[in-house]
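Read through the structure below, which is laid out as structure tokens, and then see the notes.
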Amino acid sequence: MYKIELTSEDLLRIIFEYTARIASERNLKSVLIHMANMGREMILSDRCTVWLIDEINQQLYTTVAHGVDEIRIPYGTGLVGSAIITGEAIIIEDAYNDPRHNAENDLRTGYHTKSIITVPFRNNDGEIIGAYQAINKLTEIGYFTTRDLELLSLAASYAGKSLESVMLHQEIIDTQREIISAMGEIGEIRSKETGNHVKRVAEYSYVLALGYGLDVDQADLLRTISPMHDIGKVAIPDAVLNKPGKLTDEEFEIIKSHTRIGHQLLRGSKRELLRTASIVAEQHHEKWDGSGYPEGKKGEEIHIFGRITAVADVFDALSAERVYKAAWPLDKIENLFREERGRHFDPAVVDVFFAKLPKLLEIRRKLPDDEQSDLSSGGR
């Protein structure tokens, strides 16, 4: 069923609605979704794609394309590549009559592209940073017009400048995440662990957080900061940290101090990421029944991030060979979690652990330690 062209009042409503949403967003993917939806609604297209430039790999890519997953194409190819290189918008009534159209995506998805409009957008310095591409006009005329070009150019002018601000913010966040991950790996290297330990704990924590019911932003925050859970180990003497065999009571007290040290290192930061990391560093050895350390917190007194990281960390510790022990077989690990449900661990998190165990094992398979085989086979 065909759609009727929008009135001026309808267009103003869409513009005000989406510009307000975009202006209040700091999440890059959310901004891209708002941009795609705004473009689609303004010119009544079936789909709208927001393309960005990957300068490192010399590609154009989209993570937000109605109806399809991420697409990547070589820089300069296709209609979108032509529009970005020339800086000129393109309107095509029938894509298959234009040699610049890349039909491979249609073949892969089963979708038939007919009419296309592509409009590059620029940052505040006037540099092209991406492009809008709308596909298949939904009105009776069946193709895009100069009016559609004006409307999409208007959207591109605003959205491009807003997008730059969000991308810069995202770059800062990504840099913080890289630093956090590197610092976490430093702590593990001192205790002769591989960098993949902190990576696995991060991915396990993300899966468990989503399964527990946390929203994607909170789960992603936990994934980002969980590599810092043992950062306090940087202050523990090697002779204690890497001692093969049982620790004395005095040595165990020294080991336990890494939770307070990590908390003290991070708690004074003005950055939310590091302040949150301080909570996990302090609380990931607390136990549900109150018998943990350093504060003897119990139940929901322990932050949910600490409760989740505890399960993720113990699962990885047991499944890996360490200087003081061999790797445990999977059935033994499962028995421990059943026994410690409601004692060491939050019962609800343990239930999520068992529900998500296949995903956790897949993560372990993809991020193995050197010379370590798949846990699911019961080997090291």
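Against the list (1) without any contact (Cβ under 8 Å) to a residue 24 or more places away in the chain; (2) crowded, with 21+ Cβ neighbours inside 10 Å; (3) among the small types (G, A, S), the condition A277 fails is (1). The residues of the range 224-240 that are crowded, with 21+ Cβ neighbours inside 10 Å and either more than 25 Å from T276 (Cβ to Cβ) or within 15 Å of the chain's Cα centre (by Cα) (or both), listed by number, are T224, I225, S226, P227. The criterion of being out of contact with any Ser or Thr (no Cβ under 7 Å at 6 or more places or on another chain), of a type in the set (S, T, N, Q) and touching a residue at least 12 places away in the same chain (Cβ under 8 Å) holds for Q58. Got at least one residue in the range 63-71 being over 17 Å from A134 (Cβ atoms), out of contact with any Asp or Glu (no Cβ under 6 Å at 6 or more places or on another chain) and surrounded by fewer than 18 Cβ atoms within 10 Å (Cβ to Cβ)? For the range 63-71, residues over 17 Å from A134 (Cβ atoms), out of contact with any Asp or Glu (no Cβ under 6 Å at 6 or more places or on another chain) and surrounded by fewer than 18 Cβ atoms within 10 Å (Cβ to Cβ): present.
When each of D220, D249 is tested for being at pLDDT 85 or above and under 30 Å from L28 (Cβ atoms), the lone residue that passes is D220. Taking the criterion of being under 30 Å from the mean Cα position of the chain (by Cα) and surrounded by fewer than 24 Cβ atoms within 10 Å (Cβ to Cβ), the residues of the range 280-293 that qualify are H285, K287. For the range 12-38, a residue qualifies if it is loosely packed, with under 14 Cβ neighbours inside 10 Å and either in contact with a Pro (Cβ under 7 Å, 6 or more places away or on another chain) or part of a loop (DSSP other than H, G, I, E, B) (or both), and the qualifying residues are S24, R26.
Residue count for the range 106-155 satisfying the condition of being assigned to a helix (DSSP H, G or I), free of Cβ contacts under 8 Å to residues at least 40 places away in the same chain and of a type in the set (G, A, S): 0. Among the candidates I14, I22, the residue that is at pLDDT 85 or above and of a type in the set (V, I, T) is uniquely I14. When we screen E9, E41 for residues that are surrounded by 14 or more Cβ atoms within 10 Å (Cβ to Cβ) and not in a loop (DSSP other than H, G, I, E, B), the only hit is E41.
One line per residue, one yes/no per condition, for (1) among the charged types (D, E, K, R); (2) under 14 Å from Y204 (Cα atoms); (3) surrounded by 13 or more Cβ atoms within 10 Å (Cβ to Cβ); (4) in the same structural domain as L247 (by TED's automatic domain parsing):
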residue: E295; (1), (2), (3), (4): yes, no, yes, yes
residue: E300; (1), (2), (3), (4): yes, no, no, yes
residue: G306; (1), (2), (3), (4): no, yes, yes, yes
residue: A312; (1), (2), (3), (4): no, yes, yes, yes
residue: D316; (1), (2), (3), (4): yes, yes, yes, yes
residue: S319; (1), (2), (3), (4): no, yes, yes, yes
residue: K325; (1), (2), (3), (4): yes, no, no, yes
residue: N335; (1), (2), (3), (4): no, no, no, yes
residue: A348; (1), (2), (3), (4): no, no, yes, yes
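The values are calculated or read from the model by the stated rules, or taken from the named source; none is laboratory data. In this text, all values refer to a predicted model and were calculated from it rather than measured experimentally. Note that we place each Cβ from the backbone using ideal geometry, even for glycine, and neighbour counts take in every protein chain shown.
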